[in-house]
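Comments concern the structure below.
Throughout, read-outs are computed from the coordinates displayed, never taken from laboratory work. Note that this is a predicted model, so its numbers are computed, not measured. Ideal geometry is used to build each Cβ from the backbone, glycine not excepted, and the neighbour counts take in all protein chains shown.
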Amino acid sequence: MYHRAIGLIGSVLLLAGPAMGQDAKPTSWKGFCQIDQQGVKPCNISDRTSPDGQHHLQFSFGGKAAAFLGRNNGSWWSGELNGQPAMGHEPWRGHTIFSTLDLKTTFEWCDKQSADGSC
């Protein structure tokens, strides 16, 4: 019985994610992005999560790039947008809007465009 319990715990730990100190492999997908209200463009999105829960989000679109490093707590995000302190809000799954704390830069990404072409 003891060995079965230890085996079960080991299996659960293997399924739970990468070993401590290792980052998960990035997940990539296509979506839509815009920076500073300059128009929504198709983009490539990549998200790598560290063992400490930080997301390393990378976006490339229309010859531009953006990066967000931070954490989410429910629908709210905090971290850095292109190296500047930032916050974000996820109005629904697959759509997030970030803004630097100085309000000089906004960035938005979504999985699907609305009928009017916005995120």
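Hey, any hits in the range 87-99 for a residue that's aliphatic (A, V, I, L, M) and in contact with a strand residue (DSSP E or B) (Cβ under 7 Å, 6 or more places away or on another chain)? Yes, there is a match, as at least one residue in the range 87-99 is aliphatic (A, V, I, L, M) and in contact with a strand residue (DSSP E or B) (Cβ under 7 Å, 6 or more places away or on another chain). The set of residues from the range 56-83 being over 19 Å from Ser28 (Cα atoms) and out of contact with any Ser or Thr (no Cβ under 9 Å at 6 or more places or on another chain) comprises Asn73, Gly74, Trp76, Ser78, Gly79, Gly83. Looking only at the range 84-104, residues that are crowded, with 16+ Cβ neighbours inside 10 Å and over 19 Å from Trp29 (Cβ atoms) come to 3 in all.
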